[in-house]
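Taking it in order: structure first as structure tokens, then the write-up.
Nothing in this text is a laboratory measurement; each read-out follows from the coordinates by a stated rule. Model, not experiment: these values are computed from the prediction. Here Cβ is always computed from backbone atoms with ideal geometry, including for glycine, and neighbour counts include all displayed protein chains.
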Amino acid sequence: MKSLFIISFILFCVSKNIYASSLQLGFGSLTPHFSDSKKNYCNQWNNTGIIANKTYYLRYLHGDYGLTYMIGNDSICSEIEGVFFHYLFVRTDYTETGITVGGYAFNEENWDEHAQKTPSGIDAPEPVQIDYFGREIVPVLALDFAVHLIRKERWSLKLNNLFTPIIFNHSLAFEYRF
């Protein structure tokens, strides 16, 4: 995964000279989890299923297409690393709407340990996952909706939102436009 980040960065530097659009540095993650039962999530707010995760990402957008490299923590505070591709199909001065496809890798052993330590009467969460060449991956296909909270000529403070049928994710990003 780290080599994908290096390749992305090199592509960014090369494409900077051919009308690059923007670079975003994102952080934080607020993720509501919808469940019928009480779950043992990390950094959960008042047993609501809403968790605040430590997440950082670098997103490069060129025209309507983008690539994101992300690292951080998942719902049980286990380390994750992922790559996402974006296509924006509607842009206004203050909003962007598109689709995001990708996924992130995690360590399944951490989830097994977390389940063993979960107190009785509380359900241990389980990730939706696929096996991709021996690595456990959480696949993501989401509606991507961003709002420019503050927009200036060359930069913005954005609220990036991903919506899937089973989970939402909200984060802040500083965007610099070229």
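Table for the structure above
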{"quantity": "Taking the chain and dividing mean pair separation by its residue count, relative contact order in percent (alpha carbons under 8 Å, at least six apart)", "calculated": "22"}
{"quantity": "Ascending count of other beta-carbon atoms within 10 Å, so fewest first, for ASP36, ASP123", "calculated": "ASP36, ASP123"}
{"quantity": "Inverse of mean 1/r across different Cα pairs in segment 97-137, Kirkwood, Å", "calculated": "12.2"}
{"quantity": "Size of segment 81-178 as Cα extents on the principal axes (Å, biggest first)", "calculated": "52, 32, 23"}
{"quantity": "Rel. contact order, % - alpha carbon contacts under 8 angstrom, at least six apart, segment 53-145", "calculated": "23"}
{"quantity": "Residues GLU79, GLU153 arranged by fewest to most Cβ contacts within 10 Å", "calculated": "GLU153, GLU79"}
{"quantity": "Residue exposure sequence - ILE122, ILE80, ILE137 - by fewest surrounding Cβ within 10 Å", "calculated": "ILE122, ILE137, ILE80"}
{"quantity": "Mean projected area (nm²) of the alpha-carbon convex hull when the chain is viewed from all directions", "calculated": "10.8"}
{"quantity": "Degrees, to the nearest 10: 108-117 long Cα axis against longest axis of the chain", "calculated": "40"}
{"quantity": "Helix 2-15 vs. the chain, principal-axis angle (Cα, 0 to 90°, nearest 10)", "calculated": "20"}
